[in-house]
Amino acid sequence: GGGDGGGDGDVARAYHAFLLERGVPACFEGVLAPAFNADDGHSQLVLSELGQLQLVLAEQLGGDEFAAYVGEQLLPNVCGVDDADFAVAYVAELANVSGAGTTAVRQMMRSF
């Protein structure tokens with residue numbers, strides 16, 4: 001850290017901004033590509049891994065900030081899902097992604 005005392009806070013804000021602007025959307029962009037076949041066995045693995053990655057991102061960003069971004073920005077603007085209840089359910093399922101939620105997240109991502 002530098003001697004100005006504010007550098008660490010600036011780095012943390014820049015890191016969070018990067019995760020929101022680049023990391024979180026990247027979890028959805030591949031799934032939205034026309035060539036992505038959600039029925040393919042390898043795609044099922046990809047969907048599971050994306051669910052795990054989103055869980056890590058939610059932990060890094062804070063669940064509320066992640067949920068707000070996904071529900072208010074990402075799902076409606078990138079995925080075309082303009083359903084507040086779906087967004088709330090999706091983010092809630094991420095909390096269970098290590099167990100039965102993995103299947104639910106995969107199914108929800110397939111609906112994009």
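Bear in mind these aren't lab numbers, they're just calculated from the coordinates by the rules spelled out. The structure presented is a predicted model; accordingly, all values stated were derived computationally and were not measured. Cβ coordinates were reconstructed from backbone atoms using ideal geometry, including for glycine residues, and neighbour counts include every protein chain displayed.
Annotations for the structure displayed:
- FRET efficiency, 1/(1 + (r/R0)^6) with R0 30 Å, evaluated for Val11 and Val88 via beta carbons: 0.45
- Residues listed by number, the range 61-84, amide nitrogen under 17 Å from Phe18 label point at 7 Å toward C-beta: 61-62
- Estimated distance in nm for a label pair at Glu29 and Asp64, the labels positioned 7 Å out from Cα along Cα-to-Cβ: 3.0 nm
- Protection proxy ranking of 33-46, 79-92, 10-23, 58-71 - average other beta-carbon atoms within 10 Å, highest first: 58-71, 79-92, 10-23, 33-46
- Dividing the Cα radius of gyration of the range 11-88 by 2.2 N^0.38 Å, with N the residue count, gives 1.12.
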